[in-house]
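Written out below as structure tokens is the structure these notes cover.
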Amino acid sequence: RTEFALKEIMSSGGAEDDIPQAERKTVTDFCYLLDKSKQLFNGLRDLPQYGQKQWQSYFGRTFDVYTKLWKFQQQHRQILDNRYGLKRWQIGEIASKIGQLYYHYYLRTSETSYLNEAFSFYSAIRQRSYYSQVNKEDRPELVVKKLRYYARFIVVCLLLNKMDVVKDLVKELSDEIEDYTHRFNTEDQVEWNLVLQEVAAFIEADPVMVLNDDNTIVITSNRLSETGAPLLEQGMIVGQLALADALIIGNCNNQVKFSELTIDMFRMLQALEREPMNLASQMNKPGMQESTEKPARRENPHKYLLYKPTFSQLYTFLAASFKELPANSVLLIYLSATGVFPSGRSDSEGPYDFGGVLTNSNRDIINGDAIHKRNQTYKEMHCLHPGDLYPFTRKPLFIIVDSSNSVAYKNFTNLFGQPLVCLLSPTAYPKALQENCQPSAGMMMIMISTLALMAFLFVSGLSSMRRGLWEKCQDYLRKINRDIAQLLTHSRSIDQSFLQFFGDEFLRLLLTRFIFCSATMRMHKIFRETRNYPESYPQLPRDETVENPHLQKHILELASILDVRNVFLENTLDDY
């Protein structure tokens, strides 16, 4: 490639001897850095997706080369313009690759600060119109690069909750796709239109809108803020375990998704992160100094995002997480998946006799949302059974199951005496709720776990509210969570596993939200069947938690603030 570039210089700039040696060396060095950067970037695909150690040195080398390349083209722009014929879209490609590096660094480390860095590079491409001349060239592959840049930028903006920017990008992408398909009459028109449909559905997935006074939508975040989790107070005796690793698995049919991120996975990954801070204050950007240096301490648990994994993929990542889990740490598994039910009755009641949740296979899904075995002699292969998780209960394990067969995981046995908790979604929802809810818009359990107030508003029949009232309710919900923390830590009959996990901020907030929403559903007039309620393993002491009169009083007060008290039962305890 270097020789080709030099030949181009000769043909465009006269005889090679007429070109100063320094300028020729500049072009040669640039070509070398460009080739090296592409080689390293392509090599990222060959790195194992699991394991937290093997990839770091390779990422470091790739960042170094892109840092040098970015600085080099800035310092020698005029020579590269004149002698190499550097085009603006090529600069955009370098910036886009750096944005991708930061995004993948975020996926590998779960540090939300790297998302801000990806955003800054993607945003610069748009502001400086690096791709603006691409449409004038008769090369469809260059236009596809531009479309892919838009799709990647949208993912980063979604993760940063920059919804206003997302809407602008979607409009621009729509115009670009229309121009692209009109000019080149390509076969991928359907795929790009599907991208637009997916992101439009993703933006509208929240069932409740919070509005400013001018009717603009308030962007709500479910990342952990400083005031998010109830503080541990004096006298609360809890464990010292910390959430270190999480597997977030999405395998539901007909669910809102964008790229390989379902709305459930999106909400859960944000619930396991703190609000991002500006990385620039802690470290230098690429093009300036060493860019792989980490912030002072890692704030967030590491996460793997698995979209429709096969059983072998899921087990491989699970084993890698288990192997690398530090001492005194917790592994969280979030399963949002279609239920797999056993057919017929089994003589035994073991961990493989109740079905589980679907893992991916290449064959068609049978019977919609539920998979039923045809041969009763064997267990379903493409299913994660409760028994499949038994080996991993040798270390502290926190499981959340969002599925129509979540109750299969109620039949756990704690074989090794390590802390173990399963939070299980309702297996059915009242018909009145189903009529108001798109099944593809995300399952109820994820709202219970991550958007407790939104879940409360949704089951109360509210679809929008003013910002002032939202903030008042959020303040009251924080008070409720503090009281739930008191109830849970002062319970005399609660299983110790709950208390072992309660020392971690993320898990503490998940547990208090779960108890709040469980109590809410038990008081709600339309949630009257047992299968409408969330459950847990081990079982929570009802009278001290989900059916506690003090908590029920709080829920009625919150309902009064929202003027929806009529949808709740007043004398709930009398109904049991």
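A search for C-beta distances below 7 Å between a residue of the stretch 201-228 that is within 16 Å of residue 455 (Cβ to Cβ) and among the small types (Gly, Ala, Ser) and any residue that is open to solvent by 40 Å² or more (accessible area, probe 1.4 Å) and assigned to a loop (DSSP other than H, G, I, E, B), counting only pairs 6+ apart in sequence or on different chains, returns 221/275.
Of all the numbered requirements in (1) in contact with a strand residue (DSSP E or B) (Cβ under 9 Å, 6 or more places away or on another chain); (2) at pLDDT 90 or above, residue 150 misses one, and that requirement is (1). Residues in the stretch 530-548 that are more than 19 Å from residue 401 (Cα to Cα) and touching a residue at least 40 places away in the same chain (Cβ under 8 Å): 4 in all. Just name the residue that is farthest from residue 240 (Cα to Cα) out of those in the stretch 464-506 that are among the small types (Gly, Ala, Ser) and part of a helix (DSSP H, G or I). So the residue we want is 468. If I filter the stretch 173-191 for residues that are under 26 Å from the mean Cα position of the chain (by Cα), in contact (Cβ under 8 Å) with a residue 24 or more places away in the chain and within 21 Å of residue 104 (Cβ to Cβ), do I get at least one hit? There is no residue in the stretch 173-191 that is under 26 Å from the mean Cα position of the chain (by Cα), in contact (Cβ under 8 Å) with a residue 24 or more places away in the chain and within 21 Å of residue 104 (Cβ to Cβ).
Given the structure, is residue 50 aromatic (Phe, Trp, Tyr) and within 29 Å of residue 246 (Cβ to Cβ)?
Values: aromatic (Phe, Trp, Tyr): yes; within 29 Å of residue 246 (Cβ to Cβ): yes.
Yes, satisfied.
Give the residue, chosen from 487, 556, 551, 509, that is of a type in the set (A, V, I, L, M, F, W, C) and without any contact (Cβ under 8 Å) to a residue 40 or more places away in the chain. The match here is 556. Scanning the stretch 248-266 for residues that are surrounded by fewer than 22 Cβ atoms within 10 Å (Cβ to Cβ) and part of a helix (DSSP H, G or I) turns up nothing. Here the strands (runs of 3 or more DSSP E) wholly within the stretch 308-359 that include at least 3 residues being under 25 Å from residue 257 (Cα atoms) and modelled with pLDDT of 95 or more are 329-337. Summed over the stretch 464-497, residues that are crowded, with 17+ Cβ neighbours inside 10 Å, touching a Pro at 6+ places or on another chain (Cβ under 8 Å) and over 16 Å from residue 559 (Cα atoms) total 6.
The values are calculated or read from the model by the stated rules, or taken from the named source; none is laboratory data. Fair warning: this is a prediction, and the values are worked out from it, not measured in the lab. Every residue, glycine as well, gets a Cβ built from its backbone with ideal geometry; the counts of neighbours run over all protein chains shown. What goes into the accessible areas is simple: the full protein's heavy atoms, side chains included, and nothing from ligands, DNA or RNA. Shrake-Rupley method; radii C 1.70, N 1.55, O 1.52, S 1.80 Å.
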